[in-house]
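The values are calculated or read from the model by the stated rules, or taken from the named source; none is laboratory data. Predicted, not measured: the structure shown is a model, and the values here were computed from it. Note that we place each Cβ from the backbone using ideal geometry, even for glycine, and neighbour counts take in every protein chain shown. Side chains are part of the model used for accessible areas, which takes the heavy atoms of the whole protein and leaves out ligands, DNA and RNA. Shrake-Rupley method; radii C 1.70, N 1.55, O 1.52, S 1.80 Å.
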Amino acid sequence: MKRYLYALRYLVSIHLLGLILFTAFRWVLYLQGHDYLAGENLSALTRAEAFVRGLWIDNVVACYITILPLITVSICALIGYFGKNLFRGLNIFFSVFYILAFAISAADIPYFAYFFKHINASIFNWFGYTGTTLGLMFGEFSYIVAFVLFLCLSALFIYLIRALRKRTCLDIQRVSPEKFYWRNEILTLVCSALLIGGCMFGIRGRMGYNPIKVSAAYYCNNTFLNQLGISPAFNLLRSSLEASKSENREIDLMDDHEAIACVRRELHIVDSLPNVSPIARRITNEGETTRPNVVLVFMESMSAELMGHFGNPAGLTPFLDTIATQSLCFNRFFSAGTHTNHAIHSTLYSYPALMKRNSMKGAVIPFFAGLPTVLQDNGYSTLFFMTHESQYDNMNGYLRTNGFDQIFAQEDYPPEKVVNSFGVQDDFLYQYALPVLTQTAREGKPFFAALLSVSNHPPYVVPKNFEAHSSTDEQRIVEFADHSLKVFIDNARREEWFDNTIFVFVGDHGKIVGTPRSDMPLSFNHVPLFIYSPASIEPLQIDDLGGQVDIAPTLLGLLHIDYTDNGFGIDLLREKRRAVVFTSDDAVGCMNDSLFYIYKPKEGQEWLLAHEKAIEKSGNITDETARKDLREYAFATLQTAQYLMSNNLTGKYIGYQPR
C-alpha cells in the first residue's frame, strides 16, 4: 500500500505543479493587460476571483492530462508493479501534454494582446501560411518574450518532474514488496475508483445539469477580468470541438458582396459607417426621451396559435388575450428561429438566426452592439433573469460580454424551488425579480430587465395547487404560464416604477399546435409581440409583418434614443417591412404579405405557398418571379449576417472591445 501512496504523491505533485505554472502564465497575462483596469474601482478580492476561477478551469485541463496516468498507476498497483519504466513512461507522457498546454498558454499572451480574445480554433487557418506565421512570431518582440517564457517554464517543469520521479523511485525501492492481502487489494481498488471518479468530476468541472463552459470564468462587469479566468488550452479545445459541429459550418447561399448589396437596398442604406460595418447606419429618433424603464419578457414556446386573440378557442391565455387589446399588438410577428438562443440573439442584437447555429454557445464569445449596449450607454442598469443555470447555452458569458450588468440564475435561488433541469418555475422567477427591480429603481437609474421564462417547455411541471380547466398537462402549463404573468403584472402595478415602465411580451418561439400544414409549420415561428404601457402607449392593432430583429429598433424609437444601428431590424412604427425571414434547424422561411417561401439547403428542396394571417394554404404556387424574390431576400439576409459575424463586424465599431 505504501508504494501505491508514493505513486499517488507523484501524480498529485505533478498535478499541482501544472496548476502553479498555468497560474504563472495567467499572472503574465494580467500584468500585460493591467491597463484595461485603469480607472476601474475594483477591489483586490474582485481581481483575485479571476485567478480563482482560472484555477478552476485550469484544473479541468490538468484532470484531462492526469486521468490516463491515474488509471495506469491504479492498474499497476493491483498487479504490484512499480518499476522505473512505469515512471519514465509517465514522465514522458506528462512532459508531452503539459508542454503542449504551456505552448498554448505562451502563444495566447501576444494573441490576446492583439485580438483581446483567447487563442481559439481560428489559429488553424494560419497553418497554410507557415512562413508568414513564423516571420510574425520571431519578428515581433512580444512573441519572442512569450517564447522565452515558454522555454523557461517548460524547462523548470521537466527539471522538477524528473526530480519527483527520482524521489518517488527511491522511496518505492526502500519499501519491501508487500505480500498479497485481500484487504489491501480491496482498499487500493476502492481508493483508485474514488480518485478516478474525482478526476472525471474534475474534467466535468462542476455539479449541476451542464458541464463547465468558458462562461464559468465570467463573474463581474469588467471584460478583461472575465476573460482572464479562461484557460487558453481549454478554450482552444472547446472552440475546436464547436467548430467541428455541423451546425457551425458556414452557409453558402450566395456571394457575400451581392448579399450585402441586397441587404443595403432593403434597409435603404445610402451612407453607411465603414468603421463599423457595411450595414451600420446612424438612427435619429425625434423627441426627448424620458428614459422609462423597460421590462422584456421572453415567453417560452408561446405560439400565437395558443392564444384566444389569434383564434384558439380553448381559453388558455385570458390574461395575454386582455393585454393584446391594451397594447401595441403585432398580429403578424415571427420568431427568428425555433430555439430560445435564437430569440435572445435576435431580439437583443437584431441578428437573424442561422438555422441550427447557436451564436451564444461558442468558446469564443463574440461582441455585439444592440439593445442592452445602447441602453447601457444611455445610463440604464441592465439585468437578465433566467430560471436555469447561468452556464446553460453559455448565457452568463455571452450576456455579460454584451451589455448586461447583472445576471440572476438558478445559482441565486433556493434549491427547493428548482423543479427540473430547467430550474425554477415562472411564478418564482417573477416573484424573485420584482423586489430586485424595485431596489434598482430606487437607486435612481432607469433599468432594462429581460426575464426568460421556461415553464411552457417539456418536461411540464404543473403546480399541484394550480387550478386549470384543461385536460392535458401541455395545455394546463400554458394556463399556468399565463396566470404567472398576470400575478407578476398585478404585483408590479403596486410599485412606484410601474407607470414609468414599458413592458414587452414576446414569444421566444412557438411549437406545434394542431396539425402541421407545411414542411415548416408556422405555429413554430408565429408568436405574439405586445408592447404594453398603460400610462404612455395607446393600444393599436398592427397587421404589418415583423420579426424579432425589429424589437430593438422599435423600442429605441419609442424611447427617442439616437444610436448606431448595426443590425437587421427596422422600427415597425415608422417603416414597413416587405418580407420577414426566419429559420428552423433544417429550413429557411421567408414571407411577404401573401406568400410563404420555404427552402431546405440539405435537400435542395423549395416550396412557395399562399398564406392568410400566418396560416399556410395547401398547394405549391408556380410564380417564379415571387419565388426568386423571396429566395434572394432570405439568402441575402442570412449570408450577410454570417459575413459580419465571421469578420468580427458585429460590435460598436471595428476592433470594439467592451470594458
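Things worth noting here:
- Virtual spin-label span in nm between Leu5 and Val145, 7 Å along Cα→Cβ: 4.7 nm
- Dipole size of segment 427-485 about its Cα centre, with +1 on Lys/Arg Cβ and -1 on Asp/Glu Cβ: approximately 300 debye, rounded to the nearest 20.
- Cα centroid separation, segment 254-322 to segment 583-659 (Å): 15 Å
- With Cα atoms, 0 to 90° folded angle of helix 84-115 axis to the chain main axis: 40 degrees
- Couplings for segment 487-496, taken from phi via the Karplus curve 6.51 cos²θ - 1.76 cosθ + 1.60 with θ = phi - 60°, read 4, 4, 5, 4, 6, 5, 4, 7, 8, 5 Hz in order; Gly and Pro are left as x.
- Selection of chymotrypsin sites (Phe, Trp or Tyr not before Pro), segment 156-238, meeting DSSP coil and at most 11 other Cβ within 10 Å: Phe180, Tyr181
- Cα→Cβ-extended label distance, 7 Å offset, between Ile196 and Gln431, nm: 4.5 nm
- Hull shadow area, averaged, segment 212-358 [alpha-carbon convex hull, nm²]: 14.4 nm²
- Sorted largest first, extent of segment 350-508 alpha carbons per principal axis (Å): 47, 42, 29
- Mean ellipticity per residue at 222 nm, deg cm²/dmol - from DSSP H runs of n ≥ 4 across the chain, formula -39500 (n - 2.57): -15000 deg cm²/dmol
- Per-residue ³J(HN,Hα) for segment 313-323, Karplus 6.51 cos²θ - 1.76 cosθ + 1.60, θ = phi - 60°, Hz, x for Gly and Pro: x, 6, x, 7, 10, x, 5, 5, 5, 5, 4
- All other residues whose Cβ lies under 13 angstrom from that of Phe368 are scored, Lys and Arg at +1 and Asp and Glu at -1, for a net of +1.
- Segment Lys245..Ala535, full-extension length gain: 99.5 nm, with 0.36 nm per residue of separation and the alpha-carbon distance subtracted.
- Hull-based mean projected area of segment 294-411, where the convex hull spans the alpha carbons, in square nanometres: 8.5 nm²
- Cα gyration tensor, segment 517-659 - rounded (a/c under 1.5), prolate or oblate: oblate
- Electrostatic tally near Phe22: other residues with Cβ closer than 15 Å to its Cβ, Lys and Arg +1, Asp and Glu -1, net 0.
- For segment 186-270, the pair-distance distribution built from all alpha carbon pairs, in bins 5 Å wide starting at 0, is 3, 10, 10, 12, 12, 10, 11, 13, 7, 4, 2, 2, 2, 1, 1, 0 percent.
- Based on protein heavy atoms only, the chain ends up with 43 Å² per residue of surface accessible to a 1.4 Å probe.
- In summary, the aspartates and glutamates within cross-link reach of Lys464, defined as a Cα separation below 19 angstrom excluding same-chain residues under 8 places away, comprise Glu416, Asp426, Asp427, Asp473, Glu474, Glu479, Asp482.
- Rolling a 1.4 Å probe over the protein heavy atoms of the chain, with every protein chain left in place, gives an accessible area that is 57 percent carbon and sulfur.
- Charge tally around Gly205: other residues with Cβ under 14 Å, Lys/Arg +1 each, Asp/Glu -1 each, net +3.
- Once the Cα atoms are used to define both axes, helix 141-174 deviates from the longest principal axis of the chain by about 50 degrees.
- Check: segment 599-659 dipole with +1 on Lys, Arg Cβ and -1 on Asp, Glu Cβ, in debye: 400 debye
- Cα long-axis angle, helix 2-32 against the chain (0 to 90 degrees, to the nearest 10): 50 degrees
- Nearest-0.05 FRET efficiency for Leu267 and Ala610, computed from C-beta distance (R0 22 Å): 0.25
- Residue ranges 519-531, 14-26, 32-44, 266-278 sort as 519-531, 14-26, 266-278, 32-44 when ordered by packing (mean number of other C-beta atoms within 10 Å per residue, highest first).
- Prolate/oblate/rounded call for the chain, Cα gyration tensor, a/c under 1.5 rounded: prolate
- Rough spin-label spacing in nm, given labels placed 7 Å along Cα→Cβ, for Asn491 and Ser421: 2.9 nm
- Which of Phe150, Leu595, Leu187, positive extreme of dipole for the chain (C-beta unit charges): Leu187
- Look at the dipole of the chain built from charges on Cβ: of Val581, Phe93, Phe115, the Cα furthest out on the positive end belongs to Phe93.
- Size of electric dipole in segment 515-659: Cβ of Lys, Arg +1 and of Asp, Glu -1, about Cα centre, debye, nearest 20: 280 debye
- Extreme residue, positive dipole direction of segment 1-115, given options Ser105, Thr66, Gly83 (C-beta unit charges): Gly83
- Percent antiparallel among DSSP beta bridges (both partners in the chain, rounded to 5): 50 percent
- Each residue of segment 405-422 was assigned a 3J(HN,Hα) from its phi angle through the Karplus expression (A = 6.51, B = -1.76, C = 1.60, θ = phi - 60°), giving 6, 9, 10, 10, 8, 3, 4, 8, 9, x, x, 5, 8, 7, 9, 7, 5, 9 Hz with x at Gly and Pro.
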